[in-house]
Each structure stands twice: as structure tokens, then as C-alpha cells.
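The values are calculated or read from the model by the stated rules, or taken from the named source; none is laboratory data. Keep in mind that what you see is a predicted model, and the values were worked out from it rather than measured. Methodologically, a virtual Cβ is constructed for each residue, glycine included, from the backbone with ideal geometry; neighbour enumeration extends over all protein chains shown.
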């Protein structure tokens, strides 16, 4: 992984690789797997709300991770 890519705490199981956004290395995560991880401690609805607001909705600079959904939307 690129030295400058930022990792999302607690979601290592959902890390699927590395990507590039405007020439910056970024970590790429599986959105659905991130929700599954949160569902270990909360309901599906709470997990989605928490993740969308606090994780994927957080911009922490040019190396902010990317969260992808493959197939249908969660």
C-alpha cells in the first residue's frame, strides 16, 4: 500500500486493495463488508447511519479512503 494512504480504523477485514484518486494513493474498502463489521455491535439501520455519517462521510485529506459498492446498493 502507498505510504501516504490512510486506513479506516476497525475495517481491516473490508480492505480490498489500493487505488489512486487524482494521483494520490488511497485505500479501497468494500462498503457492504464495512456494514457487516458494524452490525456485530448494532442494528443494520444504525450501522448504515453511523458508517455513512462518521466514516464514509468524513473527509480527512487527499488520501481519504474510498468505499465501493459492487452490484446492488446496500
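What are the residues in segment 1-21 that are in a helix (DSSP H, G or I) and free of Cβ contacts under 8 Å to residues at least 12 places away in the same chain, if any?
Answer for segment 1-21, where residues must be in a helix (DSSP H, G or I) and free of Cβ contacts under 8 Å to residues at least 12 places away in the same chain: just 12.
Here is a yes/no grid of residues against (1) in contact with a helix residue (DSSP H, G or I) (Cβ under 6 Å, 6 or more places away or on another chain); (2) more than 23 Å from residue 71 (Cα to Cα); (3) at pLDDT below 95:
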| position | (1), (2), (3) |
| --- | --- |
| 1 | no, yes, yes |
| 5 | no, yes, yes |
| 19 | no, no, yes |
| 22 | no, yes, yes |
| 29 | yes, no, no |
| 35 | yes, no, no |
| 45 | no, no, no |
| 56 | no, no, yes |
| 59 | no, yes, yes |
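Entry remark, segment 22-52: residues being outside any helix (DSSP H, G or I) and in contact with a strand residue (DSSP E or B) (Cβ under 7 Å, 6 or more places away or on another chain) number 6 in total.
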